[in-house]
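The values are calculated or read from the model by the stated rules, or taken from the named source; none is laboratory data. This structure is a prediction, so every number in the text was calculated from the model and none was measured. Cβ placement follows ideal geometry from the backbone for every residue including glycine, while neighbour counts extend to all protein chains displayed. Quick note on the areas: whole protein, heavy atoms, side chains included, nothing else; ligands and nucleic acids left out. Shrake-Rupley method; radii C 1.70, N 1.55, O 1.52, S 1.80 Å.
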Amino acid sequence: MDIFQWEGYWFEPNLINPAIAFRSTFQARDNDVLLASTMKTGTTWLKALSLCIMQNKSSTHQNHENPNKHDRDILTTENPHFHVPTIESTIYSTKTLMVDIYGTHLPYAVLPDSAKNSSECKIVYIARNPKDTLISMWHFFNKVLRPDRDPFPLEKAVDCFCDGVHQYGPFFDHVIEYWRESQKRPRKILFVKYEELKCDPKGQVSKIAEFLGRPFVDESEVDEVLWRCSLERLKNLEVNKSGSILLNVPNSSFFRKGEVGDWRTYLTPEMEERINQISRVKFEPFGLFF
Ligand code: A3P
């Protein structure tokens, strides 16, 4: 895949114009929710969870225009990326924005000013340990590769990741920008770690719900949301076993193992140390640890 650098980050060419249009023309509204991430850090999970939280029946923010909307298990009808479109790859290329919850992989620096500053729009960012992100990305790109192309070797994937030359890279800069901003403005940006979601799903999902102004009323609601969004359930829904959200990107490619530490199966000690070294330089001075 050809990628180009824009504003210090790498993108496939067809994303750059929509990203520029998004930055210069998008007007965020006060009730909007922007789900941000770099690739393969749990975006699909965060989208599913946030959808369910925003649709929660007991919420004090009932949807009066369409009360039945809350009764539908919409994750069974379409993949989470359909309901929560990724703005630069879907909306600004093909559609007009008609939703109030949307996703982006764009770095913080290029988000529209209205999303960052001049609206009450909330931002939830999901990050993941770099080594698992890399392995997840490597699997993903090999899965969506054209059948006539050779698989991308892991050694090369590690080089690209460490050099920051990959889709939406550098990974480390992407994460740290959102982290630092979330530290400065915790009411505006919630920084979620994939590992913490896995380890304490109830606590973390309740935190997201509170941040979004949709706190759960009782524990059964949290259990329901977690069940609806579980990897096993989503992976086995008919809608995710077939079909594709984007050309050549099957819905099934968003669901794999969902394990913390899967990198141990693939990375050599040298690869591990190389990535740890970058984490030490880029993350640890700002108090970010995975
Ligand atoms: P693995 O490749 O390690 O299994 P993204 O959604 O940002 O593309 O990230 C994909 C990663 O999140 C994949 O990780 C995928 O399996 C995992 N994932 C997708 N849905 C999930 C869910 N509901 N719960 C936990 N992990 C999930």
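Give all pairs with beta carbons closer than 7 Å in which a residue from segment 166-191 that is part of a loop (DSSP other than H, G, I, E, B) meets a residue that is buried (at least 20 other Cβ atoms within 10 Å of the Cβ) and hydroxyl-bearing (Ser, Thr, Tyr); count only pairs at least 6 apart in sequence or on separate chains.
Taking only residues 6 or more apart or on different chains, the pairs are Tyr168/Tyr9; Tyr168/Thr38; Gly169/Tyr9.
Tell me, please, whether a residue that is closer than 30 Å to Glu232 by Cβ and either at pLDDT 90 or above or part of a strand (DSSP E or B) (or both) can be found in segment 25-33. Full working, then the answer.
Filtering segment 25-33 for residues closer than 30 Å to Glu232 by Cβ gives 33.
Restricting the remaining residues to those that are either at pLDDT 90 or above or part of a strand (DSSP E or B) (or both) gives 33.
Yes, segment 25-33 contains a residue that is closer than 30 Å to Glu232 by Cβ and either at pLDDT 90 or above or part of a strand (DSSP E or B) (or both).
Within segment 138-152, is there a residue that is within 16 Å of the ligand (Cβ to nearest atom) and surrounded by 22 or more Cβ atoms within 10 Å (Cβ to Cβ)? Break it down into steps so the answer makes sense when it comes.
We begin by selecting, within segment 138-152, every residue within 16 Å of the ligand (Cβ to nearest atom); these are 138-145, 151-152.
Now drop any that are not surrounded by 22 or more Cβ atoms within 10 Å (Cβ to Cβ), which leaves 138.
For segment 138-152, residues within 16 Å of the ligand (Cβ to nearest atom) and surrounded by 22 or more Cβ atoms within 10 Å (Cβ to Cβ): present.
If the Cβ limit is 7 Å and pairs must be 6+ apart or interchain, which residue in segment 193-207 that is at positive phi pairs with which residue that is within 14 Å of the ligand (Cβ to nearest atom) and of a type in the set (A, V, I, L, M, F, W, C)?
Nothing qualifies.
Select, from Lys156, Lys116, the only residue that is more than 16 Å from the ligand (Cβ to nearest atom) and open to solvent by 60 Å² or more (accessible area, probe 1.4 Å). Explain how you work it out, then say what you get.
Numbers: Lys116 fails: open to solvent by 60 Å² or more (accessible area, probe 1.4 Å).
Checking each option against the conditions leaves just Lys156.
Pairs only if they're at least six apart or on different chains, beta carbon under 7 angstrom, first in segment 222-240 and of a type in the set (Lys, Arg), second open to solvent by 30 Å² or more (accessible area, probe 1.4 Å); list them, first residue then second.
Once the first residue is of a type in the set (Lys, Arg) and sits in segment 222-240, its partners that are open to solvent by 30 Å² or more (accessible area, probe 1.4 Å) give Arg228/Asp73; Arg233/Trp227.
Among the residues of segment 16-40 satisfying the criterion of being within 19 Å of the chain's Cα centre (by Cα) and open to solvent by 10 Å² or more (accessible area, probe 1.4 Å), which is nearest to Ile101 (Cα to Cα)?
Looking at the filtered set, the residue picked out is Ala28.
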